[in-house]
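Engineer: Structure in structure tokens, see below.
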Amino acid sequence: MKKSRFRKIKLNPAQWLAFLAVTILKKSKIFLEWGRGTGKSFILAWFMKKMVKQMHGASFALVGSTYQQILSRTLPSTKEGLEVLGLYENVDYVVGKNGTTSHGFKAPIQAPNSWKNIIHFSNGAIFQMVSLDNPDSGRGLNAFGVLGDEAALFDPIKLYYNVKTTNRGKQERFPNATLLGCEIYASSTPVSKKGKWFTDMDEKISKKLIKNHQKYIFLKASSLVNKHNLRKGWFEEMEDEAPSKIIYNAEIRNIRPKEILNGFYPQFGKKHLYTKLNNEYLMDLTPNYTSSHLDCRKDSDLDTNKPLNISIDWGTFLSMVVSQTHANDYRVVNSFHKQQPEIIDNLIDDFCDYYEHYPNTKVNLYYGHDGNARTHNSTDTYGDEVVKMLKKRGWRVTDKSKGKPAAPHNLKYTLINLMLKEYSNFPKISINEVNNPNLIISLERAEATDGRNGIEKVKKDEKNKSMKQEHTTHYSDAFDIPLWELYKHLLSDRDREHIELMNVS
């Protein structure tokens, strides 16, 4: 008996709604706020296949916040979804090359200038992988539709200029294509403020605040809708292993986190974040990308004439923040962490492995006052031990924190928020958002309270053993240390009297 080439696929309720939104309701602007494990990857692959079948030879955009995100997250899961749907790489489509010359595929209506970031299907349709951190990524594209994964990470302004304005393919060429001009964005619930644009679409659509609102639909779903397809015990594992209850609720249960109103960093916001990736290096990896390639060679924000600053917050949870100082800019370029039973040696190894190809071997070492405590049965301090570890790996180290006391919370609060406010003669603070997702959440969720000596950082979550520590205040403490040591001399008596300015936007 001949084996059928068709495969029976059982959709979960969320996937059914997305399916019906297109086939029955004829929606073309679709937003999917779905928890991890809900089946986003499969449904995006289904949309991709449908777009390709409806519009032979057409050009589409597959959008990511960065090319790194597309390579490491979006592309692998999309390939899996396409395989479930019967489309196989190097048979039905190719990645990073011209399928016309390599596999005899039909040519696209509009051939791209470069094939490095192209998914080419056998009927001539192509998806151009567009990274929003590169303003030229979507240039020259005349798209007939858009797909976006991890959309909560998108910059809506860059999305508009780099992608939306290219989605202008005409009806005459594909008069029966229901997905012509479609925009389909999927994401889990955002845990940082950057994703607010995505969740705001829910209210705009429900309140009909958008012209042609009948084209739009916003669908929300928890991972529970796909429970029958997930491994037994998976939900319990995800809850146990989540960095925090907030992350579990957002990523799995699709519950939006409450906003922190009394923050220790009230001036921190989107303007302090930047993305600078070496996209030429990343695109050259396509389609042979592996995570082992993700080291300092992918970063284009490093000044190799300058040393790196390393800041460590000690404890059972170890966090490290890496930065560089510039004339008018303090740039946070990376961060790492380890938790017991892993030790400081593992943290230092992670740093050294990542920066193995960095040509400047000078580092400035900062750490909290507890790094001045002596190690067991030794006259060396914890800081001394780190200096030895770094030197063993070939670094030239200057210890900037030996014997230094802890910074007072209220003055640290004043200094850092004046810098975040870009006040007077203070340098601005910039944070690489690709390399510092945990630090950003730590800063956004750090609370403040009135203490005996003024404003203090609330540290209660650090003592909560049931709460994973990546998004508590540990990372923010490592962030604070070099800022205080480097710039406290700029804090005048007049500035110290301006704490009340911190809550003025």
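The values are calculated or read from the model by the stated rules, or taken from the named source; none is laboratory data. Everything numeric here is computed off the predicted structure, so don't read it as measured data. Cβ placement follows ideal geometry from the backbone for every residue including glycine, while neighbour counts extend to all protein chains displayed.
Engineer: Conditions: (1) touching a residue at least 40 places away in the same chain (Cβ under 8 Å); (2) over 30 Å from Leu153 (Cβ atoms); (3) among the acidic types (Asp, Glu). Asp450 meets all but one. Number of the miss?
Structural biologist: (1)
Engineer: Further, regarding this structure: Where the second residue is surrounded by fewer than 16 Cβ atoms within 10 Å (Cβ to Cβ) and small (Gly, Ala, Ser) and the first is under 16 Å from Thr398 (Cβ atoms) and lies in region 347-363, which pairs have Cβ atoms under 9 Å and are six or more apart or on separate chains?
Structural biologist: Thr361/Gly394
Engineer: Looking at Lys27, Lys49, Lys116, Lys106, which one is of a type outside the set (A, V, I, L, M, F, W, C) and part of a helix (DSSP H, G or I)?
Structural biologist: Selected residue: Lys49, the only one of Lys27, Lys49, Lys116, Lys106 that is of a type outside the set (A, V, I, L, M, F, W, C) and part of a helix (DSSP H, G or I).
Engineer: Ser430 - would you say it is within 14 Å of Gly263 (Cβ to Cβ), surrounded by 15 or more Cβ atoms within 10 Å (Cβ to Cβ) and either at pLDDT 85 or above or touching a strand residue (DSSP E or B) at 6+ places or on another chain (Cβ under 6 Å) (or both)?
Structural biologist: Against the criterion (within 14 Å of Gly263 (Cβ to Cβ), surrounded by 15 or more Cβ atoms within 10 Å (Cβ to Cβ) and either at pLDDT 85 or above or touching a strand residue (DSSP E or B) at 6+ places or on another chain (Cβ under 6 Å) (or both)), Ser430 does not qualify.
Engineer: Now for a separate question. Can you tell me how many residues in region 306-322 are of a type in the set (Val, Ile, Thr) and modelled with pLDDT under 95? Steps first, answer last, please.
Structural biologist: Here is the first cut: in region 306-322, the residues of a type in the set (Val, Ile, Thr) are 310, 312, 316, 321-322.
From what is left, the residues that are modelled with pLDDT under 95 are 316.
Number satisfying all stated conditions: 1.
Engineer: If you scan region 128-145, which residues turn out to be part of a strand (DSSP E or B) and either among the small types (Gly, Ala, Ser) or over 24 Å from Glu280 (Cβ atoms) (or both)?
Structural biologist: Ser131, Ala143, Gly145
Engineer: If I ask for residues that are assigned to a helix (DSSP H, G or I) and of a type in the set (D, E, K, R), which ones from region 157-205 would you list?
Structural biologist: Lys158, Lys164, Lys193, Lys194, Lys196, Asp200, Asp202, Glu203, Lys204
Engineer: Give me the pairs: first residue in region 468-490 and at pLDDT 95 or above, second residue aromatic (Phe, Trp, Tyr) and buried (at least 24 other Cβ atoms within 10 Å of the Cβ), beta-carbon distance under 6 Å, and six or more apart or on different chains, which are they?
Structural biologist: Close Cβ pairs satisfying both conditions: Ile481/Tyr366; Pro482/Tyr366.
Engineer: Taking the options Tyr330, Tyr358, name whichever one is under 25 Å from the mean Cα position of the chain (by Cα), among the aromatic types (Phe, Trp, Tyr) and assigned to a strand (DSSP E or B).
Structural biologist: Result of the check over Tyr330, Tyr358: Tyr330.
Engineer: Taking the options Asp329, Asp353, Asp349, Asp345, name whichever one is closer than 22 Å to Leu420 by Cβ and out of contact with any helix residue (DSSP H, G or I) (no Cβ under 6 Å at 6 or more places or on another chain).
Structural biologist: After ruling out the rest, the residue left standing is Asp329.
Engineer: Looking at region 73-95 only, could you name the residues that are among the small types (Gly, Ala, Ser) and surrounded by fewer than 18 Cβ atoms within 10 Å (Cβ to Cβ)?
Structural biologist: Filtering region 73-95 down to residues among the small types (Gly, Ala, Ser) leaves 77, 81, 86.
The answer is Ser77, Gly86.
Engineer: Next question. Given the criterion surrounded by fewer than 18 Cβ atoms within 10 Å (Cβ to Cβ), more than 30 Å from Tyr67 (Cβ to Cβ) and under 32 Å from the mean Cα position of the chain (by Cα), identify the matching residue among Glu422, Glu447.
Structural biologist: Of Glu422, Glu447, the one residue that is surrounded by fewer than 18 Cβ atoms within 10 Å (Cβ to Cβ), more than 30 Å from Tyr67 (Cβ to Cβ) and under 32 Å from the mean Cα position of the chain (by Cα) is Glu447.
Engineer: Something else about it: For region 411-434, which residues satisfy the criterion of being in contact with a Lys or Arg (Cβ under 9 Å, 6 or more places away or on another chain) and over 22 Å from Asp299 (Cα atoms)?
Structural biologist: Listed by number, the residues that qualify are Leu411, Lys412, Tyr413, Thr414, Leu415, Met419, Leu420, Glu422.
Engineer: If you don't mind, there's one more thing I want to ask. Do we find that Lys400 is within 30 Å of Thr449 (Cβ to Cβ) and either in contact with a strand residue (DSSP E or B) (Cβ under 9 Å, 6 or more places away or on another chain) or outside the structural domain of Ser323 (by TED's automatic domain parsing) (or both) in this structure? Lay out the reasoning, then the answer.
Structural biologist: Working: within 30 Å of Thr449 (Cβ to Cβ): yes; either in contact with a strand residue (DSSP E or B) (Cβ under 9 Å, 6 or more places away or on another chain) or outside the structural domain of Ser323 (by TED's automatic domain parsing) (or both): yes.
For Lys400, the condition - within 30 Å of Thr449 (Cβ to Cβ) and either in contact with a strand residue (DSSP E or B) (Cβ under 9 Å, 6 or more places away or on another chain) or outside the structural domain of Ser323 (by TED's automatic domain parsing) (or both) - is met.
Engineer: Name every residue in region 348-382 that is crowded, with 18+ Cβ neighbours inside 10 Å, at pLDDT 95 or above and under 21 Å from Ile481 (Cα atoms), in order of residue number.
Structural biologist: Once the filter is applied, which keeps residues that are crowded, with 18+ Cβ neighbours inside 10 Å, at pLDDT 95 or above and under 21 Å from Ile481 (Cα atoms), region 348-382 yields Ile348, Phe351, Val363, Asn364, Leu365, Tyr366, Tyr367.
Engineer: Something else now. I need a count of the residues in region 342-386 that are under 14 Å from Trp314 (Cβ atoms) and of a type in the set (Val, Ile, Thr).
Structural biologist: So the answer is 6.
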